[in-house]
1. Identify, by number, the condition in (1) over 13 Å from the mean Cα position of the chain (by Cα); (2) of a type outside the set (A, V, I, L, M, F, W, C); (3) within 20 Å of SER131 (Cα to Cα) that GLY39 doesn't meet.
2. Can you tell me which of (1) among the aromatic types (Phe, Trp, Tyr); (2) under 19 Å from VAL28 (Cβ atoms); (3) open to solvent by 40 Å² or more (accessible area, probe 1.4 Å) is the one PHE87 doesn't meet?
3. List the pairs whose first member sits in segment 24-47 and is at positive phi, whose second member is outside any loop (DSSP other than H, G, I, E, B) and of a type outside the set (Asp, Glu), and whose Cβ atoms are under 8 Å apart, counting only residues at least 6 apart or on separate chains?
4. Just to verify a result, which residue in segment 91-145, among those that are within 26 Å of ARG65 (Cα to Cα) and of a type in the set (S, T, N, Q), is surrounded by the fewest Cβ atoms within 10 Å (Cβ to Cβ)?
5. Could you say which residue among THR95, THR115 is within 13 Å of the chain's Cα centre (by Cα) and under 20 Å from VAL17 (Cα atoms)?
6. Write out, first by first residue and then by second, each pair whose Cβ atoms fall under 8 Å of each other, whose residues are 6+ apart or on separate chains, and whose first residue, in segment 131-153, is under 16 Å from ASP7 (Cβ atoms) while the second is of a type in the set (S, T, N, Q).
7. Quick one: how many residues across segment 64-74 are in contact with a Cys (Cβ under 6 Å, 6 or more places away or on another chain) and surrounded by fewer than 22 Cβ atoms within 10 Å (Cβ to Cβ)?
8. When GLY77 is evaluated against the numbered criteria (1) within 15 Å of the chain's Cα centre (by Cα); (2) more than 18 Å from THR146 (Cβ to Cβ); (3) open to solvent by 60 Å² or more (accessible area, probe 1.4 Å), which criterion, by number, is the only one it fails?
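The values are calculated or read from the model by the stated rules, or taken from the named source; none is laboratory data. Keep in mind the model is a prediction, meaning the values are calculated, not measured. Every residue, glycine as well, gets a Cβ built from its backbone with ideal geometry; the counts of neighbours run over all protein chains shown. Accessible surface is based on the protein model in full, side chains and every heavy atom, while ligands, DNA and RNA are left aside. Shrake-Rupley method; radii C 1.70, N 1.55, O 1.52, S 1.80 Å.
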Amino acid sequence: MKQGSPDLQVDGSGLRVAIVAACWHTTVMDGLIDGARRGLSDAGVSSVDLVRVPGAFELSVACSRLAASYDAVVALGVVIRGGTPHFDYICQSATMGLTDVSVRTGVPVGFGLLTCDDDQQALDRAGLEGSSEDKGHEAATAAVATVITLRDL
């Protein structure tokens, strides 16, 4: 666990959760998906579906469609900075789109979109052996914790 991050202990028994994962950067994505599955398992979530989309830009529309059928969705992707403004456009669009899905539908969206300057930063956050962080696990746990919080409001 990264220093300063919360230690969320949640009980997601009975919840239905969808993981929506982009396809770019296979090694990083495999780590994020495994981490999200571990996070959901640790929270007691047994009903988990995985949906794959081409890239980070497509996460929002898939999460929007799935929100009506699930208690939470976990959005996973990675965008690596390149030499063009593409990075900025995709990161901003995906972030705003996922925020809109969550606010508009009231369904928590676990934000597991890595926005990194280089491949090593993504690998460090992917939850792989030797990674310093497990952002897939964190995104899934945050989504479940938010479902529980919203139930109490």
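1. (1)
2. PHE87 satisfies every listed condition except (3).
3. Within 8 Å, the pairs are HIS25/VAL78; HIS25/ILE80; HIS25/ALA122.
4. Only one residue fits best here, namely GLN92.
5. THR95
6. Close Cβ pairs (under 8 Å, with a partner that is of a type in the set (S, T, N, Q)) amount to GLU138/SER5.
7. The total comes to 0.
8. Unmet for GLY77, out of (1) within 15 Å of the chain's Cα centre (by Cα); (2) more than 18 Å from THR146 (Cβ to Cβ); (3) open to solvent by 60 Å² or more (accessible area, probe 1.4 Å): (3).
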